[in-house]
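Data block below; observations after.
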Amino acid sequence: MESVLTVNGLSKKYGDFVAVDNLSFEVKKGEIFGLLGHNGAGKSTSIECILGVKSADSGDSRILGMNLLKERKKLFEKVGVQFQENNYQTKIKVNEICKVTSSLYKNPADWQKLIVKFGLSGKEKSGVYDLSGGERQRLSVLLALIPNPELVFLDELTTGLDAKARRDMWKYLKMLKDNGLTIVLTSHYMDEVETLCDRIHILKKGKTVAEGSIANIISSASCNNLEEAYLYYSGEEIENESV
């Protein structure tokens, strides 16, 4: 199967603090790949270094076989990104930000159809900051899909969504995967990870502590379910017991 993303020996330090420590993994075409870990484990920094938003101290990444630094403009057309934190212009409206985003790409998706799919019909003329937290989260994922990407990064994609909205999002992402989209996501919801991910990679203090299919992760930790295995590998259960 074709590799869409390859990460080799990626490391990032802030002074003496090691945020990402020799990270390596590969994502195949059409996979949903989960990058997991508790807050501060290095997930977001890893994604930012992979995308070139932050410069890594060592290592490299290749997206669709291309070097991010040398072929950034070409990759820009093929990659969608939804970050956990988004800074929108104060008074910008939903339809305005969709139009502006769409104008940046040669063959964008129809943002008006995405508005309907993401349950934002009737909100087109609303200010982004007048939306609820869940609506803004849906908008951020929608914007990541406007490029018609081959690969999309989703950082805590369902934070702030209610149970129905989360499940609707899962169905839509599964449909996108069935149509060939490759997805790298981070999430703290293990039910979401089990539902969506083909393979996962767990970080602890910037280091890889487990990787593989969900079944293999559960089995290798001698646990009954993914949540128990995640707590085992991430160390959260031990840390919580010691408090």
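Answer with yes or no whether L157 is on the phi < 0 side of the Ramachandran plot and modelled with pLDDT of 90 or more. Break it down into steps so the answer makes sense when it comes.
On the way: on the phi < 0 side of the Ramachandran plot: yes; modelled with pLDDT of 90 or more: no.
No; evaluated as a whole, the condition is false for this residue.
Hey, among the residues in segment 190-220 that are buried (at least 18 other Cβ atoms within 10 Å of the Cβ) and without any contact (Cβ under 8 Å) to a residue 40 or more places away in the chain, which one's farthest from M175 (Cα to Cα)?
A210
Looking at this structure, is L143 assigned to a loop (DSSP other than H, G, I, E, B), among the aliphatic types (A, V, I, L, M) and either under 30 Å from A41 (Cβ atoms) or without any contact (Cβ under 8 Å) to a residue 60 or more places away in the chain (or both)? Before the answer, list the steps.
Values: assigned to a loop (DSSP other than H, G, I, E, B): no; among the aliphatic types (A, V, I, L, M): yes; either under 30 Å from A41 (Cβ atoms) or without any contact (Cβ under 8 Å) to a residue 60 or more places away in the chain (or both): yes.
Judged against the criteria, L143 is not a match.
Could you tell me which of the residues I217, I238, I200 is among the hydrophobic types (A, V, I, L, M, F, W, C) and either in contact with a His (Cβ under 6 Å, 6 or more places away or on another chain) or at pLDDT below 95 (or both)? Reasoning before the result, please.
Numbers: I217 fails: either in contact with a His (Cβ under 6 Å, 6 or more places away or on another chain) or at pLDDT below 95 (or both); I200 fails: either in contact with a His (Cβ under 6 Å, 6 or more places away or on another chain) or at pLDDT below 95 (or both).
Within the list I217, I238, I200, the selection yields I238.
Is it true that K125 is in contact with an Asp or Glu (Cβ under 8 Å, 6 or more places away or on another chain) and either part of a loop (DSSP other than H, G, I, E, B) or within 29 Å of S3 (Cα to Cα) (or both)? Give the derivation first.
Values: in contact with an Asp or Glu (Cβ under 8 Å, 6 or more places away or on another chain): no; either part of a loop (DSSP other than H, G, I, E, B) or within 29 Å of S3 (Cα to Cα) (or both): yes.
In short, no.
Return the residues of segment 166-191 that are farther than 22 Å from M1 by Cβ, part of a helix (DSSP H, G or I) and out of contact with any Lys or Arg (no Cβ under 7 Å at 6 or more places or on another chain); say none if nothing qualifies.
Taking segment 166-191 and keeping what is farther than 22 Å from M1 by Cβ, we get 166-172, 186-191.
Imposing the further condition that a residue be part of a helix (DSSP H, G or I) reduces the set to 166-172, 190-191.
The answer is R166, R167, D168, M169, W170, K171, M190, D191.
Mind listing whichever residues of segment 58-72 are in contact (Cβ under 8 Å) with a residue 40 or more places away in the chain and surrounded by 13 or more Cβ atoms within 10 Å (Cβ to Cβ)?
Start the filter on segment 58-72 by keeping residues that are in contact (Cβ under 8 Å) with a residue 40 or more places away in the chain, which leaves 58-65.
Scanning segment 58-72 gives G59, D60, S61, R62, I63, L64.
Report whether or not T182 is modelled with pLDDT of 95 or more and crowded, with 18+ Cβ neighbours inside 10 Å.
Numbers: modelled with pLDDT of 95 or more: yes; crowded, with 18+ Cβ neighbours inside 10 Å: yes.
Yes: the conditions hold for T182.
Please work out which residue is farthest from L154 (Cα to Cα), limiting yourself to segment 73-95 and to residues that are touching a strand residue (DSSP E or B) at 6+ places or on another chain (Cβ under 9 Å) and without any contact (Cβ under 8 Å) to a residue 24 or more places away in the chain.
The extreme case among them is K74.
The values are calculated or read from the model by the stated rules, or taken from the named source; none is laboratory data. The structure presented is a predicted model; accordingly, all values stated were derived computationally and were not measured. So basically every Cβ, Gly included, is an ideal-geometry build from the backbone, and we count neighbours across all protein chains shown.
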